[in-house]
Amino acid sequence: MALAWIGAGLTGLALLLAAPAFAADKKLPLDARLSANAPADFAPSAGLRVRPSETDELQGMIAERFAAEIDRRGWPRTSEAPALLVFRYGVQATADPGKAPMQLQGGVGSSGGDDEAAMVMRLNLLGQDGKPLQTKIRTLTITVSDRRNRVLWQGTATASVGEDGDLALAEALVPKVLDNLGRDAFDEPLR
């Protein structure tokens, strides 16, 4: 019986290792997460201005992605818009064992049902010196404030996988972050 479980686990591990690191339809890393705080009510559909907190080429391209997504949603994006969205995209290197470079997840069952089962494996990869390999955590930090500079919403989206490049990852995060504007979230997966 134990050998059957081990065999099933190894088969599942092989399938997960063969699977792409990004969800096929959304191009988001499987470990993309969001934490956010909404201290005040606001309606993003009333309009947003967008500004990067830093001015470099990547931040400018991400600002264009935010603008395009806001336009696609039909939200006003003018200098008279009542809210200002300021963002910063960054990359941090970490050897934190809690943020293992490789994480495998699986699940069975329906959401909210008692028949759920899940498997999570976090693997810390060690270098030749026996120390954990560093992984890069990408962060997209957003603050939305009103004209009186009162914070309406703050959020940080993170992902430790981004092999398609930082711009591709940021572009995949932008619509998901906009989907969550105005609501609280605590380390929730972005799907």
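Values in this text are rule-based calculations from the coordinates and carry no lab data. Everything numeric here is computed off the predicted structure, so don't read it as measured data. Don't worry about glycine lacking a Cβ; one is built from the backbone with ideal geometry, like all the others, and counts go over all protein chains shown.
Points to keep in mind about this one:
- A full extension of the chain between residue 46 and residue 78 corresponds to an added length of 10.5 nm, given 0.36 nm per residue minus the alpha carbon distance.
- Amide hydrogen proximity for residue 32: with H placed 1.01 Å from N in the peptide plane, the residues at 5 or more positions away or on another chain lying under 5 Å are 190.
- Taking the fewest neighbouring Cβ atoms within 10 Å as the starting point, the ordered list for 188, 57 is 57, 188.
- Cα→Cβ-extended label distance, 7 Å offset, between residue 58 and residue 143, nm: 2.1
- Residue-wise HN-Hα coupling along region 33-43, computed from phi with Karplus coefficients 6.51, -1.76, 1.60 (Hz; x: Gly, Pro): 9, 9, 10, 8, 10, 10, x, 9, 6, 7, 10
- For 186, 42, 66, order by how many other beta-carbon atoms lie within 10 Å, fewest first: 186, 42, 66
- Judged by the mean number of other Cβ atoms found within 10 Å, the most tightly packed of the peptides 70-77, 84-91, 45-52 leads the ranking 84-91, 45-52, 70-77.
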